[in-house]
1. Among the residues of the stretch 244-266, are any in a helix (DSSP H, G or I), surrounded by 13 or more Cβ atoms within 10 Å (Cβ to Cβ), at pLDDT below 90 and not assigned by TED's automatic domain parsing to the domain that holds residue 40?
2. Scan the stretch 194-228 for residues that are under 24 Å from residue 166 (Cα atoms), modelled with pLDDT of 70 or more and either part of a loop (DSSP other than H, G, I, E, B) or acidic (Asp, Glu) (or both) and jot them down.
3. In the stretch 163-187, which residues are over 15 Å from the mean Cα position of the chain (by Cα) and either farther than 16 Å from residue 116 by Cα or among the aromatic types (Phe, Trp, Tyr) (or both)?
4. For residues that are surrounded by fewer than 18 Cβ atoms within 10 Å (Cβ to Cβ) and in contact with a helix residue (DSSP H, G or I) (Cβ under 7 Å, 6 or more places away or on another chain), tally how many sit in the stretch 118-133.
5. Take the stretch 72-90 and flag every residue that is in a loop (DSSP other than H, G, I, E, B) and either without any contact (Cβ under 8 Å) to a residue 60 or more places away in the chain or closer than 20 Å to residue 243 by Cβ (or both).
6. Out of all the residues in the stretch 79-87, is one or more within 20 Å of residue 226 (Cβ to Cβ) and among the small types (Gly, Ala, Ser)?
7. If a residue must be surrounded by 15 or more Cβ atoms within 10 Å (Cβ to Cβ) and either in contact with an Asp or Glu (Cβ under 6 Å, 6 or more places away or on another chain) or not hydrophobic (A, V, I, L, M, F, W, C) (or both), how many such residues does the stretch 102-117 contain?
Amino acid sequence: MANLKEIRNRIASVGSTMKITSAMKMVSAAKLKKAQDAITSMRPYANKLTELLQNLSATLEGDNGSVFATGRNVEKVLIVAITSNRGLCGAFNTNIVKETRTIIEKNYKGKEVQVFTIGKKGHEVLKKYVTVFENDNAIFDHLTFDNTALIAQKIMDIFVEGKFDKIDLVYNHFKNAGNQIPTHEVFLPIQATKGDSKAVTDYIFEPSKEVIVQTLIPKSLKMQLYKAIRDSYAAEHGARMTAMHKATDNASDLKNELTLTYNKARQAAITNEILEIVGGAEALKG
């Protein structure tokens, strides 16, 4: 059994760790509230805009369609993998790395695949397995639509230039604080909505369909990327809050176990001292 000093040191160490994890949990909870409000308020607008423009693109043919909706023979693929810059959030980053590698193996085996990593943690791991086209870690320092639009525009430009035939998004979808869902979406080319063609054309357009496509589709793509990053950002804080909550509970249980061990060791030491005193007294009597 460890001596009392070693056990006291372990109790103090676990107590310090528990204070840190508890503080990180509270910080993540505060950030989560703000991030959750942001994504839940913008999600309906972004989803409806994407749906509308997918429907609109499905009604256009040939040269009247947008360059962003033009399908190609897929040989070169870019996967935009969105993770975080920090750890201590459970399997949040690992799930995106696994999802990205699974997509490459199942969907793009034999194709030329590169990744555009957003977030330091994903970049650190994925660069060992696949070519990194570019990495952006600074977006989370100032997460705004304008800053995200610059990244989206860069991705749109390389698609138009023909550097890649298809561009996918991989990120964690925020469902709730304890549930983050790895999500795979096609970013480019824009996928036309499948279904009844009559249903998707029930709109009155002003100005023409072509003008709407040329002006609104770039804005829609920027909004789609912003929503994905916002989704991932909220999911990150949810994952970290949950992870730190579990870590705090585990630290509390460990501290209680160590305290019990300490009390047992202390009681055993006291008992030994009493026995030595009694033994010495009996020896003096003899």
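The values are calculated or read from the model by the stated rules, or taken from the named source; none is laboratory data. Computed from a prediction, not measured in an experiment: that's the story for all the values here. Please note: Cβ atoms are built from the backbone with ideal geometry, for glycine as well, and neighbour counts cover all protein chains shown.
1. Yes - at least one qualifying residue is present in the stretch 244-266.
2. Of everything in the stretch 194-228, just one residue is under 24 Å from residue 166 (Cα atoms), modelled with pLDDT of 70 or more and either part of a loop (DSSP other than H, G, I, E, B) or acidic (Asp, Glu) (or both), namely 210.
3. Of everything in the stretch 163-187, those that are over 15 Å from the mean Cα position of the chain (by Cα) and either farther than 16 Å from residue 116 by Cα or among the aromatic types (Phe, Trp, Tyr) (or both) turn out to be 164, 187.
4. Residues flagged as surrounded by fewer than 18 Cβ atoms within 10 Å (Cβ to Cβ) and in contact with a helix residue (DSSP H, G or I) (Cβ under 7 Å, 6 or more places away or on another chain) within the stretch 118-133 amount to 3.
5. Residues of the stretch 72-90 in a loop (DSSP other than H, G, I, E, B): 72-75, 83-90.
Hits for the stretch 72-90 are 83, 84, 85, 86, 87, 88, 89, 90.
6. yes
7. The qualifying residues number 5.
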